[in-house]
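Contents: one structure, followed by commentary.
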Amino acid sequence: MSHSMIEVQNLTRVFRTYKKAPGFWGGVKGLFNRTFEDTAAAKDISFTIQEGEFVGFLGPNGAGKTTTLKMLSGLIYPTSGKARVAGFDPSKRENAYRKIFALVMGQKNQLWWDLPARESFVLLRAIYGIPEAQYQKTLDELLDLLDVRAKLDVMVRELSLGERMKMELIAALIHRPRVLFLDEPTIGLDVISQKAVRNFLREYNRRYKVTILLTSHYMADIQELCERVIVIHRGQKIYDGDLSAIEAGQGTKQKIITFEPAAAETFPTHWESKHGKTTRSDDGKFTVRVPSDQVVGVSQEILSTGPVADITIEDIPIEDVITELFTHAPKSIS
Ligand SMILES: Nc1ncnc2c1ncn2[C@@H]1O[C@H](COP(=O)(O)OP(=O)(O)O)[C@@H](O)[C@H]1O
Ligand SMILES: [Mg+2]
């Protein structure tokens, strides 16, 4: 029997930002009469997540994803509404709660920069009071799953971005949390490392039934890992359901091919692929969006048109997918 692990009810967080009129007199005026603006970074968000679910948390930049994950982690307080995770109220910041969840932020690191990862792990073992045998077993397993055993004694600052993120994941999981909040864990990683992290998360979720809420910049992460997605836009939940329903949108089935001709004159400025128009940026690079199943064909077409210095194939950024989805067909969803 499954039971709910995360329950969020009307969760709201308002940020107040003070504004200062420009110039000296603006500053003086501000001393007496501070003007401010309240923005709801999260507004009346409600959802329930069952134990063991792997849910994608989507929304354009500034939608309120990080704010929500921070509230669920007890890092910031809600203005109103409530959250319960594994029966705990995160805002109480109880030690017992700390022991059962972890938050990983792709843009922040919790590992000590000037130490080998091993030493950070030892410190975390002490902080969480993990029994030695369990610690060794967990560490061994994670090192194998993520294939970074050889890097354990390398100074963290000397690791590649991908290796560092793998170590961050080990640090987050060393106390065997039951709930994992992942805020853009693959951002900036090369394609190989993204894949490795993704495969690891899938396996880990399957093996331990850990409940995971994942935000990502890359649609591929969500597509490969999550059946269910929650979409927020301007702080409000606008969709909660199967990913497949929003995949009907074009963006998820397309890729972006970017290439740079070896010599400027080999491709005309308005070169058109048979599959779509290219756009040319100031630095001479061409970009074209094509359906995923035509990537190979279009790549061949490009390469047979003229020599290229560089060619890359990328997913459409989630932001664009969501924006297109909810600006073109706001009613067809939810
Ligand atoms: N500490 C803060 N003070 C004021 N505004 C904030 C703060 N943190 C976030 N915001 C604002 O809240 C909104 C949501 O931000 P965030 O949760 O980081 O979005 P996302 O993670 O979806 O990109 C943004 O408009 C952001 O500028
Ligand atoms: Mg964010």
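Looking at segment 190-219, which of its residues are more than 16 Å from ligand 1 (Cβ to nearest atom), farther than 18 Å from Pro90 by Cβ and open to solvent by less than 10 Å² (accessible area, probe 1.4 Å)? Selection gives Val197, Phe200, Leu201, Tyr204. For segment 52-82, give me each residue that is away from ligand 2 (no atom under 13 Å from the Cβ) and of a type in the set (Lys, Arg). The one that is away from ligand 2 (no atom under 13 Å from the Cβ) and of a type in the set (Lys, Arg): Lys82. Taking each residue of segment 66-78 that is modelled with pLDDT of 95 or more and assigned to a loop (DSSP other than H, G, I, E, B) and looking for partners that are within 13 Å of ligand 2 (Cβ to nearest atom) and among the hydroxyl-bearing types (Ser, Thr, Tyr) with beta-carbon atoms closer than 8 Å, six or more apart or interchain, yields Ile76/Thr67.
Reported count of residues in segment 220-247, each being outside any strand (DSSP E or B) and either without any contact (Cβ under 8 Å) to a residue 40 or more places away in the chain or within 16 Å of ligand 1 (Cβ to nearest atom) (or both), is 8. Can we say Ala42 is aliphatic (A, V, I, L, M) and surrounded by fewer than 22 Cβ atoms within 10 Å (Cβ to Cβ)? Spelling it out, it is not the case that Ala42 is aliphatic (A, V, I, L, M) and surrounded by fewer than 22 Cβ atoms within 10 Å (Cβ to Cβ).
Which fully enclosed helices (runs of 4 or more DSSP H) of segment 99-184 have 1 or more residues being within 21 Å of the chain's Cα centre (by Cα) and among the β-branched types (Val, Ile, Thr)? Lay out the reasoning, then the answer.
Numbers: elements: 117-128, 132-146, 161-173.
The qualifying helices (runs of 4 or more DSSP H) are 161-173.
Residues that are more than 15 Å from Glu203 (Cβ to Cβ) and within 16 Å of ligand 2 (Cβ to nearest atom) within segment 169-185 comprise Phe181, Asp183, Glu184, listed in sequence order.
Looking at Gly62, is it touching a Ser or Thr at 6+ places or on another chain (Cβ under 6 Å) and either modelled with pLDDT under 95 or not in a loop (DSSP other than H, G, I, E, B) (or both)? Show your work before the answer.
Numbers: touching a Ser or Thr at 6+ places or on another chain (Cβ under 6 Å): no; either modelled with pLDDT under 95 or not in a loop (DSSP other than H, G, I, E, B) (or both): yes.
Answer is no for this residue.
Give the residues of segment 252-275 that are open to solvent by 20 Å² or more (accessible area, probe 1.4 Å), in contact (Cβ under 8 Å) with a residue 12 or more places away in the chain and part of a strand (DSSP E or B), sorted by residue number. Spell out the reasoning first.
Narrowing segment 252-275 to residues open to solvent by 20 Å² or more (accessible area, probe 1.4 Å): 253-256, 258, 260, 262-266, 268-272, 274-275.
Okay, now just the ones that are also in contact (Cβ under 8 Å) with a residue 12 or more places away in the chain, so 253-256, 258, 260, 262-264, 266, 271, 274-275.
Gln254, Lys255, Ile256, Thr258, Glu260, listed by residue number.
How many of the residues making up segment 46-66 are more than 10 Å from ligand 1 (Cβ to nearest atom) and in contact with a helix residue (DSSP H, G or I) (Cβ under 6 Å, 6 or more places away or on another chain)? Steps first, answer last, please.
If we filter segment 46-66 for residues that are more than 10 Å from ligand 1 (Cβ to nearest atom), which is where we start, we get 46-56.
Restricting the remaining residues to those that are in contact with a helix residue (DSSP H, G or I) (Cβ under 6 Å, 6 or more places away or on another chain) gives 54, 56.
So the answer is 2.
What single numbered condition from (1) within 13 Å of ligand 1 (Cβ to nearest atom); (2) over 27 Å from Ala172 (Cα atoms); (3) in contact with a helix residue (DSSP H, G or I) (Cβ under 7 Å, 6 or more places away or on another chain) fails to hold for Ala40? Checking Ala40 against (1) within 13 Å of ligand 1 (Cβ to nearest atom); (2) over 27 Å from Ala172 (Cα atoms); (3) in contact with a helix residue (DSSP H, G or I) (Cβ under 7 Å, 6 or more places away or on another chain), the one that fails is (3). Per the listing Thr258, Thr211, the residue uniquely more than 16 Å from ligand 2 (Cβ to nearest atom), assigned by TED's automatic domain parsing to the domain that holds Asp310 and of a type in the set (S, T, N, Q) is Thr258. Before we move on, is Glu94 away from ligand 2 (no atom under 16 Å from the Cβ) and free of Cβ contacts under 8 Å to residues at least 60 places away in the same chain? Considered against the rule, which asks whether it is away from ligand 2 (no atom under 16 Å from the Cβ) and free of Cβ contacts under 8 Å to residues at least 60 places away in the same chain, Glu94 comes out as yes. Residue selection: Phe47 satisfies the criterion of being in a strand (DSSP E or B) and among the hydrophobic types (A, V, I, L, M, F, W, C).
The values are calculated or read from the model by the stated rules, or taken from the named source; none is laboratory data. Keep in mind the model is a prediction, meaning the values are calculated, not measured. Cβ sites come from the backbone with ideal geometry, for glycine too, and all protein chains shown count toward neighbours. Only protein heavy atoms, including side chains, enter the accessible area calculation; ligands, DNA and RNA are left aside. Shrake-Rupley method; radii C 1.70, N 1.55, O 1.52, S 1.80 Å.
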